[in-house]
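Enquirer: One structure coming up, written as structure tokens, with questions to follow.
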Amino acid sequence: MAGVIKLVCLVLACMIVAGPITANAAKISCEAVHNTLAPCIVYVIQGGAIPPACCTGARNLYSMAHTTADRQQICGCIKKNARLVGSVLNPGADRAAGLPKACGVNISYKISFSTKCKTVK
């Protein structure tokens, strides 16, 4: 279950990375990323309906990412958590990748384990 949470966090963090570009230091903690995306875990693992709290969390995280540093931090937090979980997240990877669109969060890249967070703008 913790692994699934980490995967969901990775996917959602990557979604957040696509905001405006400014030069401020990241102020978003990995704990905040995890807590914000936690409602998405069951959906990513089991499928079914996306909980409203999941999309609310994804939109909130997206709105928190004001700078490139913020978006890169969020992406890094998600990937860190996903690495800890490993292959447990693979079955839900497609659902996780589809969350941004399903939740009305517009990002310019695909949510993927191969996303290079340092290139996120």
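The values are calculated or read from the model by the stated rules, or taken from the named source; none is laboratory data. From a predicted model like this one, the values you see are computed outputs, not experimental measurements. The area values use the complete protein model at the heavy-atom level, side chains included, leaving out ligands, DNA and RNA. Shrake-Rupley method; radii C 1.70, N 1.55, O 1.52, S 1.80 Å.
Enquirer: Sorting H34, H66 by accessible area (1.4 Å probe), largest first, what list results?
Expert: Final ranking, largest accessible area leading: H66, H34.
Enquirer: What are the aspartates and glutamates whose alpha-carbon lies under 16 Å from the alpha-carbon of K121, with same-chain residues fewer than 8 places away excluded?
Expert: D70
Enquirer: As a test question: what accessible area, to the nearest 10 Å², does D94 have when a 1.4 Å probe is rolled over all protein chains in place?
Expert: Result for D94: roughly 130 Å² accessible.
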